[in-house]
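What follows is a single structure, written as structure tokens, with notes after it.
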């Protein structure tokens, strides 16, 4: 059968063929489905509501757990970590101290205490807790990585380098070697930095660590004027697709040094999609425009480079 509709000006026109039996079947099916849905809602609706409400209440009042179970160190640590993740270090410290009072030698509580102290800037005190943990568990990976971070912040490169062989045995070598490479890079010791990050690459077990290794290698190779290798590492990071902004920037800088002005401009444009307020990218554009004879465009890019002088992310 064909359905007919009233058109503009009173004319009629065919809309589409309609199977009335099919429509009737679908109506019956929809009615049956609606009745079943109502039954399910009446049976399980209250249960779902209770679960959701309980979850909301507990997430907002986690201290209730630790008050009910004051002897439970794990519950106290969970509560402390919740407040730590929400930057409420006063409450985090309170519950972490309660956990330590309950179990003075608990490694989980000691590690959490060290993290809270470190994040508040008390690096030396954090190190004391870390050393206490390592005295009991010399191969504790979390403690070793946190110790490496503390040494990096303290700029204690010698101690950081000595820590690397131990972290290798504990399968935490990547973080320590990466921090050592960054430390040497900041001291303009580029060959040592490159050696450290190349060692770290052997311990990169996931895409994030591999991406960080490629980007840091590209960054160091640019300082060493090894532009083709820097570009290759940027390409490898682009294939991973995790931090395309920095990869395009480093590759663009390598292309500029190799005389590929159009390629440098293309990469700078791509980098700006990820870091639109980073002056170093505009500086790259300014120099590429200048070498290409586009003085007006170079001046605009230079002004933007000066305006956005501060990087939006660390270690760019």
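Computed quantities for the displayed model
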quantity	calculated
Segment 176-308: relative contact order in percent, alpha carbon pairs under 8 Å with at least 6 residues between	14
Three semi-axes of the equivalent ellipsoid, segment 80-187, Cα gyration tensor, whole Å, largest first	25, 16, 10
For segment 209-273, alpha-carbon Rg over 2.2 N^0.38 Å	0.97
D_trans [Stokes-Einstein, Kirkwood Rh over alpha-carbon pairs] for segment 255-308, 20 °C, 1.002 mPa s, µm² s⁻¹	201
Residue exposure sequence - 146, 242, 112 - by fewest surrounding Cβ within 10 Å	242, 146, 112
Under 20 Å from the residue 207 label point (7 Å along Cα→beta-carbon), backbone N, segment 220-239	233-239
Burial order of peptide ranges 210-216, 83-89 (average beta-carbon count within 10 Å, highest first)	210-216, 83-89
Neighbour-count ranking [beta-carbon atoms within 10 angstrom, fewest first] of 231, 176	231, 176
Compactness of segment 175-300 - radius of gyration and Dmax, Cα, Å	14.8, 47
Hull-based mean projected area of segment 179-233, where the convex hull spans the alpha carbons, in square nanometres	3.3
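Each value in this text was obtained by applying a stated rule to the coordinates, not by laboratory testing. Keep in mind that this is a model prediction, so the values were computed, not measured. For neighbour counting, all protein chains shown are included, and Cβ atoms are generated from backbone atoms with ideal geometry for every residue, glycine included.
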